[in-house]
Structure formats: C-alpha cells, structure tokens
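First comes the structure, then the notes that go with it.
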C-alpha cells in the first residue's frame, strides 16, 4: 500500500492554532464533527493538535 503524502502541512504556512478558523473549517463537517484521520490524511500527532484546536475554537465561540 502506498504511503499517504500530506500536502496540507506545506500549505499550512503557520501554526495550527484555534484562531485560524478558515483552516479548521476544512477539517470539520457541516454538522460540526471533526473529520477522521483516514479522511484528513494527517499524522496522529497533527490530528490530535487539530482536534484540540477545534475544541478550543468551539469553547471560545469562534466556530460551531
């Protein structure tokens, strides 16, 4: 099975953090659920940081 390549890491340009709502919305469904790793293609460490950032953004009411 070929290894997944992650193009999002190079496109990110900055830190993955809760204030970057446009980036976070790419990884959240219309219903507000965080996409799984198999759909995002992110490594486990980045997926954990992503979910933490989405949860912080929700807590601060930056996104639903």
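Summary table
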quantity: Positions within the stretch 24-51 being in contact (Cβ under 8 Å) with a residue 24 or more places away in the chain and not in a helix (DSSP H, G or I), in sequence order; calculated: 27, 28, 32, 41, 42, 43
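Conditions (1) surrounded by 10 or more Cβ atoms within 10 Å (Cβ to Cβ); (2) modelled with pLDDT under 95; (3) not in a loop (DSSP other than H, G, I, E, B), marked per residue:
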site	(1), (2), (3)
1	no, yes, no
9	yes, yes, yes
14	no, yes, no
18	yes, yes, no
22	no, yes, yes
53	yes, no, yes
57	yes, no, yes
63	yes, yes, no
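The values are calculated or read from the model by the stated rules, or taken from the named source; none is laboratory data. If you're wondering where the values come from, they're calculated on a predicted model, not measured in any experiment. All Cβ positions, glycine included, derive from the backbone under ideal geometry; neighbour counts span all protein chains shown.
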